[in-house]
Amino acid sequence: MSTPLALEKIVENYSGRDKKLILEAFEFARAAHEGQKRFSGEDYITHPLRVALILSHLRLDARTIVAGLLHDVLDDTRVSPPELEKKFGGEIYLLVSGVSRLGKLRLPKQNLEVEPIERMDQKPASLEIENLRRMFFAMAEDIRVILIKLADRTHNMETLEFIPQEKQKRMALETMEIFSPLAGRLGIGTIKTKLENLAFPYLYPKEYQWLKESAEKKRAEAKKSVDRARENLKKNLEKEKIDVIEIKSRLKSYFSLYHKLLRHQMDFDQIYDLVALRVIVKDVKTCYTVLGAIHKYWRPLPGRIKDYIAFPKANSYQSLHTTVICEEGRILEIQIRTPEMHAVAERGICAHWAQKEGVDLVRRGKQFAWIQQLAGWQKENQDAEDFLEGLKIDFFKDRIFVFTPRGDIVDLPEGATPVDFAYSVHSEIGHHCVGAKVNRKIVPLSATLRTGDVVEIIVDKNKLPSRDWLKFVKTGVARSHIKKRLDVGFFRGLQALRKKFFPFEKEEKAIEKETPSPTKAISVKKEPAVSVGGKTGVAFFLAKCCRPQSPDQEIAAYLTKSKGASIHVTNCQNFKKLKTRWPERIMEARWP
Ligand code: MN
């Protein structure tokens, strides 16, 4: 058998001993799976090969690729654990056996029902599912085990059509509930999106079919106009003398589109980012310059400018987002980021390691520089354990996992104390805690917890929280419960101060509160489509204070922070107040 194309693609990126090791692992896996077939009828080896290819796209180290090639030999072949360890060493053995251990975790039986998709946003993930996700993290002593598992699931989903029907739904559900969120938490956008889109047609076949039929034309139209917007943007940025690496237009994936439609009464006109533009520039400073330039030419929608550079998402995602009204009146979402931020958006934690090493992937043009760097760093340390620690550190740096005496996992920020633990279990346990045992030894309430600790809280019903706790607790939950209980005086003082400096904030809230939420208004009665800023399809609701009703009334829109445009009669007292304070948020509005 000749070298398969996928293998050639993989080894292209590795050299010397790494390349040799990958080729050896491939031969070993091929021999071990000899004669086995996939449900698709293909030779079994096509599966580990594809898994290794996906891992190489994430630009992982050679040992992860090797473990990907070998990931099924312990479960599905005659290869024994000692044999594998002897042949490939302890590190690869640990990765492979880790993957096979994770393979045995299953979605709890009671969760095998498919929830109606409308509820996904409101419904908090059930406790078992959340625990299962945490279990994956806690059990995988090396984060690379999870990456291999994700690649494994990706190929199994790619070939789901060949799998017996009764298994399809369970696998699709597990993918949607466990694996896609795991990828999301690690920031691996490419895999997260891929898994969602692979699972979607199996979980919601009717919805998928409807979407495909109704979205195709809209997407094509939107794509054309966005391509024109891209050309204009390119010219404008040239005029401003801003160096741009790339401007790309992209289509929203089916699943995220469907999810968004549900929140907008299935109205395509309300989806602003059916297609979106992405601008990539060399550094952070240029990102802000580009944002300014865009707003100079196109009017931004208030409340839609998001600065994830200054405030990164929990999974390290960074970018600037803005939504603008461009020439043709089309509302367009634009993301602005650097090549490093782009790498993090696509490959998450995998790219993050690279950046920690201070390697600039794109400018160096050497995609694998960081792996070489890691390897060099490993030589310096001469210690495989340190090397593994280095890989683990990033993920675990801000979270720890501790256990209750019953074995439930509690996920806390690093530096968390027994008091944080107590409050995250239950507020009453927090309020009355007087002592704690960690791994059966009494510790102070301010002790720092570590991953793997078993924590037991000693309570006394007659005791109440102490003000001193505020000095050491790490979680917001604990902090707010303690403050509430203490009813701290200075807290009230602070509120008075806030009122003094931000007098309008409360007022705006009060005004917004008077008006019903748009979803409610629309679901109760379909309002006529008022146009805002010359456009129909903008989310709006009729203000409750002045209740615009008849087409003879002159109306105008005030753009609220989160609920869309509120439509007022122009001589409404509230509206006049809003207009003087936030003139930039006022837009013209017309009856249809
Ligand atoms: Mn597999």
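Numerical summary
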{"quantity": "When each of LYS306/LYS544; LYS441/LYS483; LYS9/LYS86; LYS239/LYS563 is checked by Cα-Cα distance, pairs over 32 Å", "calculated": "LYS239/LYS563"}
{"quantity": "Simple label model, 7 Å out from Cα along Cβ direction - ALA220 to GLU161, nm", "calculated": "2.2"}
{"quantity": "Protection proxy ranking of 20-26, 87-93, 164-170 - average other beta-carbon atoms within 10 Å, highest first", "calculated": "20-26, 87-93, 164-170"}
{"quantity": "Backbone HN-Hα couplings from phi across segment 47-55 [Karplus 6.51/-1.76/1.60, Hz, Gly and Pro as x]", "calculated": "6, x, 5, 5, 4, 5, 5, 4, 5"}
{"quantity": "Under 5 Å, built H, 5+ apart or other chain: amide partners of VAL459", "calculated": "VAL434"}
{"quantity": "Segment 199-273 versus segment 31-48: alpha-carbon centroid distance in Å", "calculated": "38"}
{"quantity": "Between segment 307-336 and segment 64-85, the alpha-carbon center distance in angstrom", "calculated": "44"}
{"quantity": "For VAL454, residues with placed amide H under 5 Å, excluding near neighbours", "calculated": "PHE403, ASN439"}
{"quantity": "Carbon + sulfur, % of accessible area of segment 7-79 - ligands and nucleic acids excluded, 1.4 Å", "calculated": "46"}
{"quantity": "Positive dipole terminus of segment 21-102, leading residue within LEU53, VAL79, ALA29 (C-beta point charges)", "calculated": "LEU53"}
{"quantity": "Potential extension, VAL244-ARG263 segment - 0.36 nm per residue separation minus Cα distance", "calculated": "3.4 nm"}
{"quantity": "Mean Cα-pair separation over length for segment 397-484, i.e. relative contact order, pairs under 8 Å, 6 or more apart, %", "calculated": "33"}
{"quantity": "For segment 217-229, Karplus couplings with θ = phi - 60° (6.51, -1.76, 1.60), whole Hz, Gly/Pro x", "calculated": "5, 4, 5, 5, 4, 4, 4, 4, 6, 5, 4, 5, 4"}
{"quantity": "At 0.692 mPa s and 37 °C, Stokes D of segment 397-484 from Kirkwood alpha-carbon radius, µm² per second", "calculated": "262"}
{"quantity": "Positive-end residue of SER180, PHE200, PHE162, charge dipole of segment 149-200 with Cβ unit charges", "calculated": "SER180"}
{"quantity": "Residues TYR288 and VAL454, FRET efficiency given R0 of 56 Å [Cβ-Cβ distance, rounded to 0.05]", "calculated": "0.75"}
{"quantity": "Accessible area expressed per residue, segment 551-592, with surrounding protein chains retained (probe 1.4 Å, Å²)", "calculated": "55"}
{"quantity": "For segment 178-189, Karplus couplings with θ = phi - 60° (6.51, -1.76, 1.60), whole Hz, Gly/Pro x", "calculated": "10, 6, 5, x, 4, 4, x, 5, 8, x, 8, x"}
{"quantity": "Burial order of peptide ranges 144-156, 216-228, 416-428 (average beta-carbon count within 10 Å, highest first)", "calculated": "144-156, 416-428, 216-228"}
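The values are calculated or read from the model by the stated rules, or taken from the named source; none is laboratory data. This structure is a prediction, so every number in the text was calculated from the model and none was measured. Note that each Cβ is placed from the backbone with ideal geometry, even for glycine, and that neighbours are counted across all protein chains shown. The protein model used for the area step is the full one, side chains on, heavy atoms only, and it has no ligands, DNA or RNA in it. Shrake-Rupley method; radii C 1.70, N 1.55, O 1.52, S 1.80 Å.
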